[in-house]
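Trainee: Got a structure for you, questions after.
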Amino acid sequence: TSVTWTLLLFVYFNFSEENQSFKNVPIKGLEPQRPFPKKFYPRFTRGPIHVPELQQKENKIGNSLGNHIQDPVKGETEFSPEMGMIFNEEDQEVRDLGYQKHAFNMLISNRLGYHREVPDTRDAKCREKSYPADLPSASVVICFYNEALSALLRTVHSVLDRTPPQLLHEIILVDDNSELADLKKDLGDYVKTQLPKTTKLVRNEKREGLIRGRMIGASHATGKVLVFLDSHCEVNEMWLQPLLTPIREDRRTVVCPVIDIISADTLTYSSSPVVRGGFNWGLHFKWDLVPLSELEGPEGATAPIKSPTMAGGLFAMDREYFNELGQYDSGMDIWGGENLEISFRIWMCGGRLLIIPCSRVGHIFRKRRPYGSPGGQDTMAHNSLRLAHVWMDEYKEQYFALRPELRMRNYGNITDRVELRKRLNCKSFKWYLDNIYPEMQISGPNAKAPQPVFINRAQKRPKIIQRGRLYHLQTNKCLVAQGHPSQKGGLVVVRECDYNDQNQVWIYNEDHELILNNLLCLDVSETRSSDPPRLMKCHGSGGSQQWTLGKNNRLYQVSVGQCLKVVDPLSHKGYVTVAICDGSLPQQWHFES
Ligand code: LR7
Ligand code: MN
């Protein structure tokens with residue numbers, strides 16, 4: 001039993017670690033689109049469904065399609081919300097197995113096949129843009145480990161379908177020693193017989209992890225520009241040209257597309273807001289709102305945005321520049337940390353990192369990582385330690401303050417990386433913080449004077465946009481304080497609405513704060529994002545107190561990237577939490593003036 005417990009603990013820690021980082025994923029627009037009347041939508045339907053057209057469609061789709069390698073219905077499968085419907089045990093099995101092995105709905109993924117249309121999520125102005133004819137050509141590197149075959153091949157075909165051939169030098173698939181049978185055999189056959197010669201498959205003899213995996217892929221590449229993608233992506237219309245253009249102008253520019261959201265549960269492709277990359281002192285990547293100063297200018301919503309960090313999986317970079325800049329830290333294992341490492345390195349060593357709003361690529365956002373590391377190690381901590389010791393100077397103390405147990409942890413040899421930093425003549429981490437990420441809050445001995453924006457705050461109260469009740473549609477109840485609304489740290493719950501009660505009145509202001517009874521702000525913990533939302537003193541620095549009232553009645557929490565929902569709408573307790581935004585009833589709110 002002690003072995004079992006140790007295993008369980010490993011699993012627990014692995015998941016709690018990764019959950020941390022998943023909280024920061026942008027989820028805006030995740031809700032499934034509903035072109036069909038509600039009654040046809042399986043999520044809201046009980047018992048057997050009798051829809052004649054659906055049955056016809058189902059006959060056409062065939063059943064779950066299992067793991068067949070042939071593209072089911074080439075180019076014919078149209079996405080529809082009822083695609084996840086289970087008709088028999090085999091469907092059930094594919095679905096269950098899919099969630100187990102891949103943490104997303106493989107039943108839908110298989111039914112979609114390898115080609116599908118996705119909504120063009122670009123700003124309308126992007127469609128009027130034109131790009132130079134002489135763009136450099138790209139090597140697309142896709143590293144994968146135990147990926148669902150249909151998701152991997154949809155990634156590949158989306159690239160083949162939506163990239164002008166002259167710009168696509170090659171696609172390099174790096175199989176990181178996957179164990180799944182279809183990847184071992186069928187994929188090789190498929191690449192050989194069904195894909196253009198320019199699609200290559202490289203196999204790692206042993207599991208390397210995504211960091212060395214990408215380095216291996218890049219070493220096989222011969223195109224001018226490297227484009228990295230995760231193995232569960234779908235590129236959108238005109239995705240590549242806007243990425244290549246800034247690289248052609250300046251080879252030390254590294255670019256990321258806007259990462260659209262493919263729902264793990266419905267495979268719905270939906271638009272992401274334009275946000276930029278940041279991080280916290282736990283060295284987790286997070287999304288930040290783009291400061292207004294970055295959004296002003298003649299190009300408006302289509303202009304590239306400077307980003308302090310990248311999410312990691314999807315970016316383009318001149319191949320020679322990638323090599324000059326030191327590729328990746330090959331001492332990093334499996335997963336995690338390399339995204340911040342390369343971001344710091346780019347900025348500190350003379351490059352720049354941009355997000356290109358006119359380039360859009362969808363990515364399946366899973367709620368958990370479906371794999372671990374071979375020895376069960378916490379590779380995120382190992383990798384973060386390496387990056388902290390190489391790049392963060394005295395600011396690594398901020399990390400150790402949060403993770404004191406790592407202070408003495410061995411992180412291997414970093415001599416090469418330290419030398420690289422010297423050789424490239426890179427600037428200090430302080431320079432990076434001051435110039436690239438001034439929003440970052442520093443506590444302790446390195447603390448800076450407060451940002452001007454907070455001084456302004458005292459002088460100028462943010463303008464009120466709306467005043468009223470936060471009404472929960474499903475329960476017909478209102479969001480209120482569990483205790484007294486002036487009690488700091490108090491939880492919020494839904495209760496019977498009382499339209500004469502000032503304690504139920506919220507203010508929504510231009511800083512996107514929600515203030516109850518003009519006293520405290522609705523807040524989520526940034527360090528413990530699993531904690532339920534609570535009422536805290538308004539701090540005026542956005543993030544954990546920033547909410548947006550969006551499409552489909554969602555109430556979106558900017559800092560954790562999730563939506564407010566009633567935990568158990570049937571219970572009288574009325575507890576609320578933040579969760580992945582899915583547009584479901586428990587997440588629907590009305591701000592009633
Ligand atoms: O051992 C491994 N070998 C691999 O080849 C582990 C993973 N992989 C592959 C895997 O199959 C996938 O194609 O590497 C790719 C990335 O792994 P994911 O999809 O499990 O990572 P993620 O999407 O959960 O995490 C994000 O952070 C990672 C940190 O190491 C990587 O940088 C991922 O590329 C990155 N993904 C994105 O940036 C997509 C947008 C997510 C956000 C926000
Ligand atoms: Mn991924």
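Trainee: Which trypsin sites (Lys or Arg not before Pro) does the range 161-243 hold that lie in a coil by DSSP with at most 14 other beta carbons within 10 Å? Working shown, then result.
Mentor: Values: sites: Arg162, Lys184, Lys185, Lys192, Lys197, Lys200, Arg203, Lys206, Arg207, Arg212, Arg214, Lys224; in loops: Lys185, Lys197, Lys206, Arg207, Lys224.
Taking the range 161-243 and a limit of 14 other Cβ atoms within 10 Å, the loop trypsin sites (Lys or Arg not before Pro) found are Lys185, Lys197, Lys206.
Trainee: Between their Cα atoms, which of Lys125/Lys430; Lys125/Lys306; Lys367/Lys565; Lys129/Lys286; Lys200/Lys306; Lys185/Lys367 are more than 26 Å away from each other?
Mentor: On the way: Lys125/Lys430 37 Å; Lys125/Lys306 20 Å; Lys367/Lys565 17 Å; Lys129/Lys286 30 Å; Lys200/Lys306 33 Å; Lys185/Lys367 29 Å.
Going by Cα-Cα distance, Lys125/Lys430; Lys129/Lys286; Lys200/Lys306; Lys185/Lys367 fall outside the 26 Å limit.
Trainee: Okay, next question. Are there GluC sites (Glu not before Pro) in the range 118-205 that DSSP marks as loop and that have at most 12 other Cβ atoms within 10 Å, and which are they?
Mentor: Values: sites: Glu128, Glu147, Glu170, Glu179, Glu205; in loops: Glu147, Glu179, Glu205.
Here the sparse-neighbourhood loop sites are Glu179, Glu205.
Trainee: For the range 221-368, give the magnitude of the charge dipole about the Cα centre (Cβ charges: +1 Lys/Arg, -1 Asp/Glu; no others), in debye to the nearest 20. Before the final figure, lay out each step's value.
Mentor: On the way: 14 positive and 18 negative charges, 18 e Å.
That gives the range 221-368 a dipole magnitude of about 80 debye.
Trainee: Right, another one. Sort all Cα-Cα distances of the range 276-394 into consecutive 10 angstrom bins from zero, then give the percent of pairs in each bin up to the one containing the longest distance.
Mentor: Per 10 Å bin, starting at zero, the Cα-Cα P(r) for the range 276-394 comes out as 11, 39, 35, 13, 2, 0 percent.
Trainee: Here's something else I'd like to know. Projecting each Cα onto the charge dipole of the range 370-411 (Lys/Arg +1, Asp/Glu -1 at the beta carbon, about the Cα centre), which of Leu385, Tyr395, Gly372 comes out farthest on the positive side?
Mentor: Gly372
Trainee: While we're looking at this one, here's another question. Describe numerically, in nm with one decimal, the distance between label points set 7 Å from Cα along Cα→Cβ at Thr415 and at Gln466.
Mentor: Output for this residue pair reads 6.2 nm.
Trainee: Among the GluC sites (Glu not before Pro) in the range 292-332, which ones are in a DSSP loop with at most 12 other Cβ atoms within 10 Å of the Cβ? Mind listing them? Kindly include the intermediate steps, with their values, before the conclusion.
Mentor: Numbers: sites: Glu294, Glu296, Glu299, Glu320, Glu324; in loops: Glu296, Glu299.
Here the GluC sites (Glu not before Pro) that fit, given the DSSP loop and packing criteria, are Glu296.
Trainee: Taking the beta-carbon count within 10 Å as an exposure proxy, list His220, His512 from fewest neighbours to most. Kindly include the intermediate steps, with their values, before the conclusion.
Mentor: Values: His220 13, His512 19.
Least to most surrounded, the residues fall as His220, His512.
Trainee: Compute the orientation-averaged projected area for the range 461-592 from the convex hull of its Cα atoms and round it to one decimal in nm².
Mentor: Numbers: hull surface 28.0 nm².
Spelled out: convex hull of the Cα atoms, projected over all directions, averaged, 7.0 nm².
Trainee: Apply the Karplus parameterisation 6.51 cos²θ - 1.76 cosθ + 1.60, with θ equal to phi minus 60°, to every residue of the range 103-113 and state each ³J(HN,Hα) to the nearest whole Hz, in sequence, with x for glycine and proline.
Mentor: 6, 8, 7, 6, 4, 5, 4, 5, 5, 5, x
Trainee: Could you go through the range 172-185 in sequence order and give the Karplus-derived ³J(HN,Hα) for each residue, using 6.51 cos²θ - 1.76 cosθ + 1.60 with θ = phi - 60°, rounded to whole Hz, and x for Gly and Pro?
Mentor: 10, 9, 10, 8, 7, 6, 5, 9, 5, 4, 5, 6, 5, 10
None of the figures in this text is laboratory data; all of them are computed from the coordinates on show. It should be emphasised that the depicted structure is a prediction, and the values quoted were computed from it without experimental measurement. Ideal geometry is used to build each Cβ from the backbone, glycine not excepted, and the neighbour counts take in all protein chains shown.
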